Amino acid sequence: MQQQDKVIIIDFGSQVTQLIARRIREAGVYSEIHPCTSDPAAIRAMNPSALVLSGGPSSVHDEGAPPLPKEYLSWGLPILGICYGMQILAHTLDGVVTRSKDREYGRAEFEAFADCPLFAGVEGKEKLTVWMSHGDHVGQLPTGFACIGRTGSLEHAAMCDPARKIYAVQFHPEVAHTDQGERILSNFLFKIAGLKPGWTMSSFVDSSIKTMSEQVGEGKVVLGLSGGIDSTVAAVLLNRAIGKRLYCIFVDNGLLRMGERQEVIAFLEEHFDLNVKCVDARKEFLDKLKGVEDPEQKRKIIGYTFIEVFDREAKAIEGVGFLGQGTLYPDVIESVSFKGPSAVIKSHHNVGGLPEKMNLKLVEPLRELFKDEVRKVAYELGMPEHIIWRHPFPGPGLAIRVIGEITEERLEILRQADKIVQHELLATDWYRKVWQGFAVLLPLKTVGVMGDDRTYEHVIALRIVDSIDAMTADWSRLPSEVLARMSSRIINEVKGVNRVVFDISSKPPSTIEWE
Ligand code: XMP
């Protein structure tokens, strides 16, 4: 396959660096983020077609502020500096970065100078709304640079040295608040750097299959399949690469939703010729969880029991040398992120610790992809909508939605209530509009009346949220008729429930799961 263009983003620690990578990929060019502490020789070896220097929280004048290695300027590559990226360019060359009295944060009106290719085709460029977040600014341009835009408070809000193809902007073109930011980034990629769009999901599928079959050779891979989109897409890609030498293990931990095990297995058998072993470990999990109420304790028990079961099953397959995982790019970035401490693996990652213990090499077909790209790959692989748009489901499953003690009876009540929530969301098309919707069983009983009788029964909470990435979330403004139908169906159809409440908290300060 022809070598495709690759943009390397040097991360100086901005909160929105990931967005730069996403926007560039959306424009059809592959891009990767690497920390500013990377060895320039290693970056060079990646054969980038252009560099982007991200924003970051430092001032170039701070002690320990991340420097810009001069090598980056010596390879003749097109460079785009954003925010701190612009300042560090000016500072490293012979410009002057001036400290501002106040931080400028939020929308600003930017006037782009008409003849610059960075702003070609941008409408209303004499009065463009852009997003700023900076303390310092470039007071004096480096030699060879021209000013290409200003705002009311910044004389040099953008600069360029066209001969060297170095461009820089003080604002953030990658965030949605900047008007026509995509256009500005595309101009850099195509008009200035002369790149070609070649990053498509079908090109990804081809190259990923090739890379994995080279990596695994004649070896065998074991993979934990949850039925969620990430592990399913990882499995299908691996299956295309190595066929039946992929061994998928689906662990039924007794904490799945109603009919989930049957649905997942039937789906995989029907659509893909995967080698799947379904392990019934319900008793093992539920025995260990008996009497446990503390959510962290539940998580730990489920985590290590999963490892025990998976390890046992994997060892039963002779000659397995690799562990397949559905790790996504945001996890990869997080673990190498310039901010450092975020490298800690979240306890969310249910199989964290598995490879070390099992002494297997990792195969991670999705480690270059963002979630929306995984969905596109799933389309490419012919997966049906209900898998592609499946809501996230936590590894510890219903254990963290049955608040308090987990018993078969309480799990069953939750399963029935949850089934109704899923059904009503799907029936009304709200399933696709919300990020996630589910039921939670509370650890209390309340009084009700049924006919002439007083009842004293369980309470179900509905948790239905909108979100983009689960980092923040807000409760979904569902029409009251939909909520009313969920409530009356749950109370009428689920024995043991006489009250339904709707959770109207946002994250933060609440979380999505109740635990
Ligand atoms: P919280 O409750 O932290 O949830 O706001 C954020 C998102 O993460 C999901 N979640 C998990 N996913 N394993 C997972 O794979 C887990 O242990 C886990 N815990 C929470 C949650 O459903 C939401 O989408």
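A short reminder: the numbers here are calculations on the coordinates, not readings from a lab. In this text, all values refer to a predicted model and were calculated from it rather than measured experimentally. All Cβ positions, glycine included, derive from the backbone under ideal geometry; neighbour counts span all protein chains shown.
Overview of values
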{"read-out": "Helix-only mean residue ellipticity at 222 nm for the chain, each DSSP H run of n ≥ 4 adding -39500 (n - 2.57), per residue, nearest 500", "value": "-10000 deg cm²/dmol"}
{"read-out": "Ellipsoid equivalent to the stretch 6-192 - semi-axes via the Cα gyration tensor, in Å", "value": "22, 19, 16"}
{"read-out": "Cross-link reach list, aspartates and glutamates versus LYS165, counting only Cα pairs under 16 Å and skipping chain neighbours closer than eight places", "value": "GLU71, ASP115"}
{"read-out": "Assigned charges on the beta-carbon of Lys, Arg, Asp, Glu; the stretch 385-473 dipole about Cα centre (debye)", "value": "200"}
{"read-out": "Normalised alpha carbon radius of gyration of the stretch 165-204 [divisor 2.2 N^0.38 Å]", "value": "1.35"}
{"read-out": "Kirkwood hydrodynamic radius of the stretch 407-502, from inverse mean 1/r over distinct Cα pairs, in Å", "value": "13.9"}
{"read-out": "Rel. contact order, % - alpha carbon contacts under 8 angstrom, at least six apart, the stretch 407-502", "value": "30"}
{"read-out": "Built amide H within the under 5 Å cut-off of VAL279, gap 5+", "value": "PHE250, VAL251, ASP252"}
{"read-out": "Relative compactness, the stretch 194-279, computed as alpha-carbon Rg over 2.2 N^0.38 Å", "value": "1.26"}
{"read-out": "Which of VAL279, LEU444, GLN4, positive extreme of dipole for the chain (C-beta unit charges)", "value": "VAL279"}
{"read-out": "Cβ crowding within 10 Å averaged over residues, with 6-14, 310-318 ranked highest first", "value": "6-14, 310-318"}
{"read-out": "Volume per residue of the C-alpha convex hull in the stretch 83-238, rounded to whole Å³", "value": "181"}
{"read-out": "Assigned charges on the beta-carbon of Lys, Arg, Asp, Glu; the chain dipole about Cα centre (debye)", "value": "260"}
{"read-out": "Under 29 Å from the Cα of LYS290 - lysines, other chains or at least 8 residues apart", "value": "LYS277, LYS298, LYS300, LYS315, LYS346, LYS357, LYS419, LYS445, LYS495"}
{"read-out": "Mean Cα-pair separation over length for the stretch 88-200, i.e. relative contact order, pairs under 8 Å, 6 or more apart, %", "value": "26"}
{"read-out": "Rg to Rh, two decimals, where the stretch 201-388 supplies the alpha carbon set and Rh follows Kirkwood", "value": "0.96"}
{"read-out": "Per-selection Rg to Rh, the chain - Cα, Kirkwood hydrodynamic radius", "value": "1.03"}
